[in-house]
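Written out below as structure tokens is the structure these notes cover.
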Amino acid sequence: MAHTHPTDVLVVGAGPVGLTAAVELRRRGVSCRIVDRLPARLPFAKAVGIQPRTFEVWDRMGLARTALEAAVPMRGQFLYVNGAEQPRTELSVPPDVPYGFAALPQYETERILDEFLGRFGTAVERGTELVSFSQDADGVTCRLHGSSGAEEELRTRFLVGCDGAHSIVRKGLGLTFEGGAFAEEYMLADVRVDWDLPHEYTVRSMHRDGDGAVDDVLVCIPLPGRGRYRMSMMVPPELSTAQQDTAAADGVAHGLQNGRGPGLADIQTVLDRLSPKPTTAFDIRWTSVFRISHRIVDRYGDGRVFVAGDAAHIHPPTGAQGMNTGIQDAWNLAWKLALACEGAAHPGLLAGYDAERRPVGEEVVGRTVRHAVEGMENDPDDPATLMMREAQLLVGYRGSPAVAPAGEGRGPRPGDRAPDCTGLTGSVHTYPMRLYDVLRERDHVLLLYGAGFGSGSGLDELVRTARESSGGRMDVCVVRAADAGNGNDAGTDAGAMAEADGTVLPVYADTRGEFARLYAAEEPTAFVIRPDGYLGARFPLAPPAPGPLAAHLAAVFAPDAPAHTRD
């Protein structure tokens, strides 16, 4: 057995969740290995829908453009019941949300993340399986079985299981995975049709029996390529896997099943029954039978070992919540792990992963099960709230030990998503920028909003606290308020200087007043924006006092966080 040099983090599973974790770790300079038992990426469009919040994640990482160019916009849904067209659903978000809904097959999502990971000199080690692991106070000892058949013992500081519904990491930790399974089975197919329906809309066609229960369904989600869709439909008896031992040794019947998949004739039979227009299916890429369970772990980690994505929660695909939730699991965990690997994390920061993400997982599992049984049309929330929640723009962490108390007041509070805005200009660029342009590829940011921050404004101690408490990991930026005194749009003041603690700070002018409106900033205010795009703290700057900032940062960073060396 070979004994290798230690690495900071081992990520098990190279789906979208594991790749996101590895990318975020490598972006921060953390040594990381990522392994996957499969010899190659699977060519299956399992997860398809991309939520607006996931694009915001990718924007912060620096790969949103690549994903946008590969995706298909999703404008809404055509719904048919017993052949009759129902009111169309339009997928829309408020104008301050920078991205809409889209479809991107999982194999493309994995390709994009895999290639991006390669920029940091890291490649997925395929055909490599985690066999077992044990942990102690200082690290984790992992046994790997490689593609050549050789076994390897790897010593790592942390282990992250992104290895799906049958996770070896979850089992090794002894986590419970409570829930149940749906009796229904579904056929999945990646196929083309020749109808003339607008390609940017999902098509859902149902049949209801005399009692109003749904007894037949066809769902078609657009994929890149003319007339191409990922279709799902009920399984005919001859293709059922229910009598097989499909639940595997762990009793979890979820995902693609072994056995004969449906053929083109099986797909055409369903289309002949349920398609809103006469159509012919052709150019089939793959098919499978899919089973659905709903389960969630009792905790998202133990000691130095964590789980994310399907290893932590599985549920119906209603609303395309699963992969998107898993990506945010990985993003939330990775920045915390990076600080821990540097010795810069508060001792309780990693525990905040479970505190922040498990309530999200519980809510998603409960909601998707409810929608699968009752239908999204019966959701009690108003349509605007429902749309924002499905877009994952309402996920928040108020009450987390890693954010300041929310307090009272208007606008986003600590633990809420930091909204985007436009209309920011600087001293050199005259075109308006978005706030997310300013935040892109930055980690911790102290954003100071107000009318004037020149020399002698009292910011020196505040900025010094930000830098010293974080070991130099916090950037400081200024958003200058619009010039309310003369009614101008503040563009003439964009180049005004801001200095603190011997440093010239970057200044952006809020020329359209959008920052002030969206953040409800009616007075000089400081905002701490975390690496994952959530507000960590918010406090007034009249006068600029370092106390609230120091108290918040003390819950994030180690008391003597080592200095961070920037590239």
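Out of the range 264-294, which residues are in a loop (DSSP other than H, G, I, E, B) and surrounded by fewer than 17 Cβ atoms within 10 Å (Cβ to Cβ)? Hits for the range 264-294 are 277, 278, 280. Taking (1) at pLDDT below 90; (2) under 20 Å from the mean Cα position of the chain (by Cα) in turn, residue 443 satisfies each apart from (1).
Figure legend. Inter-residue proximity from the range 354-370: first residues farther than 22 Å from residue 402 by Cα, second residues open to solvent by 10 Å² or more (accessible area, probe 1.4 Å) and not charged (D, E, K, R), beta-carbon distance below 6 Å, spacing 6+ or different chains. Indicated pairs: 365/294; 365/296; 365/315; 368/315; 368/318; 369/294.
A count restricted to the range 365-384 and to residues that are surrounded by fewer than 16 Cβ atoms within 10 Å (Cβ to Cβ) and either within 30 Å of residue 336 (Cα to Cα) or among the small types (Gly, Ala, Ser) (or both) stands at 3.
Scanning the range 133-150 for residues that are surrounded by 12 or more Cβ atoms within 10 Å (Cβ to Cβ) and of a type outside the set (A, V, I, L, M, F, W, C), we see that the one that is modelled with the lowest pLDDT is 147.
Do we have any residue at all in the range 62-73 that's among the polar types (S, T, N, Q), closer than 30 Å to residue 156 by Cα and modelled with pLDDT of 95 or more? Among the residues of the range 62-73, not one is among the polar types (S, T, N, Q), closer than 30 Å to residue 156 by Cα and modelled with pLDDT of 95 or more, which makes the answer no.
Provide a single number: the residues in the range 322-351 that are assigned to a helix (DSSP H, G or I) and either farther than 18 Å from residue 309 by Cβ or hydrophobic (A, V, I, L, M, F, W, C) (or both).
Step one: of the range 322-351, the residues assigned to a helix (DSSP H, G or I) are 322-341, 351.
The next check asks that each one be either farther than 18 Å from residue 309 by Cβ or hydrophobic (A, V, I, L, M, F, W, C) (or both); those that pass are 323, 327, 330-331, 333-335, 337-341, 351.
Adding up the residues that qualify gives 13.
Taken together, the residues in the range 70-90 that are open to solvent by 70 Å² or more (accessible area, probe 1.4 Å) and polar (S, T, N, Q) amount to 1.
In the range 129-159, how many residues are in contact with a His (Cβ under 7 Å, 6 or more places away or on another chain) and in contact (Cβ under 8 Å) with a residue 60 or more places away in the chain? Break it down stepwise before answering.
As a first pass, look at the range 129-159 and keep what is in contact with a His (Cβ under 7 Å, 6 or more places away or on another chain): 129, 131, 151, 153.
Those left that are additionally in contact (Cβ under 8 Å) with a residue 60 or more places away in the chain: 129, 151, 153.
Number satisfying all stated conditions: 3.
Look at residue 208 and say whether it is farther than 30 Å from residue 10 by Cβ and touching a residue at least 40 places away in the same chain (Cβ under 8 Å). Answer is yes for this residue.
Would you mind stating whether residue 53 is open to solvent by 10 Å² or more (accessible area, probe 1.4 Å) and not β-branched (Val, Ile, Thr)?
Numbers: open to solvent by 10 Å² or more (accessible area, probe 1.4 Å): no; not β-branched (Val, Ile, Thr): yes.
No: the conditions fail for residue 53.
One residue stands out in the range 164-191 among those that are outside any strand (DSSP E or B), open to solvent by 40 Å² or more (accessible area, probe 1.4 Å) and not small (Gly, Ala, Ser): the one that is modelled with the lowest pLDDT, namely 166.
Looking only at the range 21-57, which residues are out of contact with any Ser or Thr (no Cβ under 8 Å at 6 or more places or on another chain), within 27 Å of residue 231 (Cα to Cα) and not charged (D, E, K, R)? The answer is 38, 40, 42, 43, 45, 48, 49, 51, 52, 54, 55. Of all the residues in the range 174-205, those that are within 23 Å of residue 286 (Cβ to Cβ) and free of Cβ contacts under 8 Å to residues at least 60 places away in the same chain number 0. I'm trying to understand the selection: among the residues of the range 313-364, which are crowded, with 22+ Cβ neighbours inside 10 Å, at pLDDT 95 or above and among the small types (Gly, Ala, Ser)? Correct list: 326, 330, 334, 338. Hey, does the range 363-383 have a residue that's under 19 Å from the mean Cα position of the chain (by Cα) and part of a loop (DSSP other than H, G, I, E, B)? Looking through the range 363-383, none of the residues is under 19 Å from the mean Cα position of the chain (by Cα) and part of a loop (DSSP other than H, G, I, E, B).
The values are calculated or read from the model by the stated rules, or taken from the named source; none is laboratory data. The structure presented is a predicted model; accordingly, all values stated were derived computationally and were not measured. Glycine also receives a Cβ, built like all others from the backbone with ideal geometry; neighbour counts cover every protein chain displayed. Calculation scope for accessible area: heavy atoms of the full protein, side chains included, ligands and nucleic acids excluded. Shrake-Rupley method; radii C 1.70, N 1.55, O 1.52, S 1.80 Å.
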